[in-house]
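Reading through the structure tokens given below for one structure.
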Amino acid sequence: MLGLVENHSLPRTAAFFDLDKTVIAKSSTLTFSKSFYQGGLINRRAVLRTAYAQFVFLAGGADHDQMERMREYLSALCKGWNVQQVKEIVAETLHDLIDPIIYDEAASLIEEHHAAGRDVVIVSTSGAEVVEPIGELLGADRVVATRMVVGDDGCFTGDVEYYAYGPTKAEAVKELAESEGYDLARCYAYSDSATDVPMLESVGHPYAVNPDRALRREATAREWPVLVFNKPVSLKQRLPAIKMPPRSALLVAAAVGAAAATAGLVWYASRRRGCDSA
């Protein structure tokens, strides 16, 4: 699609993708709200609340201050949630919920970058209980996501260990470049959100995908290309003969995070009392 041909005599390169509204058409974690409800993790009120959050997210997202308030609020609510239960629910419903909302254009880009010899890295504010399986589905080589502390009982403590948001995404990209030998000047990055400007400007080939208003202004000012992805399609339909396993072990900053417009911490939306059944 973009003529992405790699010269294999040069240093390694990678393509860094934000996830929500960049690779998939919705918020990755909010999409699982019904499944979390059926699994007993959230109540009916929380399902309605996450439906509204999904609407706000798709309509334009939240600003930085709103994101910070939501992160603090939802982080407090997560205390006591059983991590294994979240993983099992995601595994059981992943293909039904996520496969149909992957952008055809994004899947094609991932193919092109792999064909050109580049690693594909998903860099998402959402948590790895959600992002890691999606990365495997997409054939990503690595995943960077928010990490929260998990206690000895296998439950979230409510403390955030690593928050993959804004400048910390750019830091993760630079750390990967150092450890993996990527030449950032020849790397690519894709995002829909102005909060990812630090990540976009850290590479030589930044692209705004379905950009929010602030990112569109930034892209125009910096003359970054703007891509419009609007064709969600099942991988099973578009790639019936292609297997897409992960090409190497995923680099995961694990656990549950907060994504744009509250994506990434949906299971925090309802208080779970302890972890007695774990």
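The values are calculated or read from the model by the stated rules, or taken from the named source; none is laboratory data. Keep in mind that this is a model prediction, so the values were computed, not measured. Reconstructed Cβ throughout: ideal geometry from the backbone, glycine too, with neighbour counts over all protein chains shown. Quick note on the areas: whole protein, heavy atoms, side chains included, nothing else; ligands and nucleic acids left out. Shrake-Rupley method; radii C 1.70, N 1.55, O 1.52, S 1.80 Å.
At a glance:
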item: Heavy-atom accessible area ranking, 1.4 Å probe, most first, across SER193, SER179; result: SER179, SER193
item: Protein-only accessible surface order, largest first, of HIS205, HIS95, HIS113 at 1.4 Å; result: HIS95, HIS205, HIS113
item: Length gained when the stretch ARG12-VAL226 is fully extended (0.36 nm per residue, less Cα-Cα span); result: 74.5 nm
item: Area accessible to solvent at ILE110, 1.4 Å probe radius, in Å²; result: 0 Å²
item: Label-point separation in nm, ARG213 to ASP152, each point 7 Å along Cα→Cβ; result: 5.2 nm
item: Ratio of Rg to Rh over region 200-239 (Cα coordinates, Kirkwood Rh, two decimals); result: 1.13
item: GluC sites (Glu not before Pro) within region 84-180: DSSP coil, no more than 12 neighbouring Cβ in 10 Å; result: none
item: Stokes-Einstein diffusion coefficient of region 169-225, Kirkwood radius over Cα pairs, 4 °C, 1.567 mPa s, in µm²/s; result: 115 µm²/s
item: GLU68-ALA115 pseudo-label distance in nm [points 7 Å out on the Cα-to-Cβ vector]; result: 4.5 nm
item: Accessible heavy-atom area order of ARG142, ARG216, ARG186, highest first, probe of 1.4 Å; result: ARG216, ARG186, ARG142
item: Fully extended contour minus Cα-Cα distance, from GLU171 to LYS34, at 0.36 nm per residue; result: 45.9 nm
item: Chain lengthening between HIS95 and ALA185 when straightened (0.36 nm per residue, less Cα-Cα); result: 28.9 nm
item: Restraint check, LYS79/LYS174; LYS79/LYS231; LYS34/LYS169; LYS26/LYS87; LYS87/LYS174; LYS34/LYS174, Cα-Cα greater than 27 Å; result: LYS79/LYS174; LYS79/LYS231; LYS34/LYS169; LYS87/LYS174; LYS34/LYS174
